[in-house]
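Q: Shown below is the structure under consideration.
The values are calculated or read from the model by the stated rules, or taken from the named source; none is laboratory data. Keep in mind it's a predicted model, so treat the numbers as computed, not measured. Because the Cβ atoms are built from the backbone with ideal geometry, glycine has one as well, and the counts that use them run over all protein chains shown. What goes into the accessible areas is simple: the full protein's heavy atoms, side chains included, and nothing from ligands, DNA or RNA. Shrake-Rupley method; radii C 1.70, N 1.55, O 1.52, S 1.80 Å.
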Amino acid sequence: MELKDKVALVTGGARGIGREIALLFAKEGADIAICDVNAEVLGATQKEIESLGRKAITGVVDVTKSDQVDGFVQKILDKFKKIDILVNNAGITRDGLLVRMSEADWDLVLAVNLKGAFNCTKAVSKIMMKQRDGRIVNMASIIGIMGNAGQANYAASKGGLIALTKTIAKELASRNVRANAIAPGFIQTDMTAKLSDEVKGEMLKFVPLGKFGTVQDVANLALFLVSDDSAYITGQVVQVDGGMVM
Ligand code: NAI
């Protein structure tokens with residue numbers, strides 16, 4: 001077991017990539033805290049974790065609200081006494097060409113994808129610094145590296161998340177807290193299910209491995225980045241994209 005008796009907080013962990021990460025970490029021995037705005041599926045994910053023999057705590061928390069984040073982090077501390085791992089995974093899209101993008105869609109995507117990570121990292125890194133141990137993984141995207149027409153808000157948020165990752169890696173390294181980013185390519189989840197078959201077909205042409213990624217592909221990388229196997233790796237952006245961007 002790679003994460004025996006560790007405590008991990010996964011944001012946006014009720015479904016999709018975050019859920020898979022939470023389940024894999026639990027299989028590897030970690031107790032899990034999940035926050036999400038999707039109250040409907042949170043309970044089911046909590047039960048799945050508990051059925052793996054690990055403890056779980058969930059909270060309906062909007063990561064854009066620092067008071068909600070701080071309150072949930074305190075609850076995790078009350079229950080588990082520590083937080084070893086933070087995965088800033090909560091993310092949304094509100095796509096549209098720049099000239100038609102509303103200010104509200106710009107603000108919302110930046111708030112969830114970037115400010116949410118800031119709120120959670122600020123709350124949790126104080127604990128990790130005291131512990132002199134911690135691992136942070138930020139869920140960026142290859143769109144944050146390459147840009148994408150129709151995703152100005154999303155690309156800016158993920159590019160910002162990459163810059164945030166490198167900065168916290170530098171600020172926290174002396175306290176033995178590592179921070180890395182994952183940049184997934186096209187992963188099959190509810191978020192991407194809404195794309196048309198035509199768009200999916202076009203995207204596949206740019207993936208050398210010739211297939212879309214799975215949530216397991218991303219979770220396996222997250223596990224590596226929070227385990228001792230990556231003890232000398234910090235401030236990096238690791239792509240899991242079938243070779244789409246190289
Ligand atoms: P998803 O939509 O299935 O899951 C995202 C989760 O975040 C949901 O459970 C949602 O309720 C939660 N969430 C949304 N707003 C929130 C908020 N304000 N506070 C707390 N939780 C909130 O999406 P998926 O595909 O699992 O994506 C997970 C992460 O991976 C996102 O950050 C996304 O940008 C990133 N990503 C996904 C890719 C893909 O192809 N699916 C590719 C690259 C990056």
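Q: What whole-number distance in Å separates the alpha-carbon centres of the stretch 72-134 and the stretch 168-246?
A: So the separation of the two Cα centres works out to 17 Å.
Q: Val60 to Asp107: extension gain in nm, 0.36 nm per residue of separation minus the Cα-Cα distance?
A: Extending this stretch completely gives an extra 14.8 nm.
Q: About the Cα centre of the stretch 97-209, how large is the charge dipole given +1 on each Lys and Arg Cβ and -1 on each Asp and Glu Cβ? Please answer in debye to the nearest 20.
A: 760 debye
Q: Mean projection of the alpha-carbon convex hull of the stretch 110-196 over all orientations, in nm²?
A: 6.0 nm²
Q: Grab the Cα-Cα distance for Gln131 and Lys47, subtract it from 0.36 nm times how many residues apart they are, and report the gain in nm with one decimal.
A: 27.3 nm
Q: Hey, if you drop one equal point scatterer on each alpha-carbon of the stretch 42-97 and run the Debye formula without solvent, what base-10 log of I(q)/I(0) do you get at q = 0.30 Å⁻¹?
A: Debye intensities relative to I(0), on a log10 scale: -1.33.
Q: Please list, or write none, the lysines whose alpha carbon is within less than 19 Å of the alpha carbon of Lys126, excluding same-chain residues fewer than 8 places away.
A: The qualifying lysines are Lys6, Lys65, Lys75, Lys79, Lys81, Lys82, Lys115, Lys166, Lys170.
Q: Something else: If you put +1 on each Lys and Arg Cβ and -1 on each Asp and Glu Cβ, how big is the dipole of the chain around its Cα centre, in Debye rounded to 20?
A: About 680 debye.
Q: Tell me the carbon and sulfur percent of the accessible area for the stretch 25-163, rounded to whole percent, probe radius 1.4 Å.
A: It is 53 percent, rounded to a whole number.
Q: Which Rg and Dmax, in Å, describe the Cα atoms of the chain?
A: 17.0, 51
Q: Here is a follow-up. Compute the accessible area per residue over the stretch 1-122, keeping the other protein chains in place, probe 1.4 Å, unit Å².
A: Value for the stretch 1-122: 46 Å² per residue.
Q: Less than 12 Å Cβ to Cβ from Ile233, Lys/Arg counted +1 and Asp/Glu -1: what total charge do the surrounding residues give?
A: 0
Q: Within the set of other residues whose C-beta is less than 11 Å from the C-beta of Thr121, count the net charge using Lys and Arg as +1 and Asp and Glu as -1.
A: Cβ neighbours under 11 Å give a net charge of +2.
Q: Accessible area per residue, 1.4 Å probe, Å², for the stretch 130-202: what's the number?
A: Accessible surface, normalised per residue, equals 44 Å².
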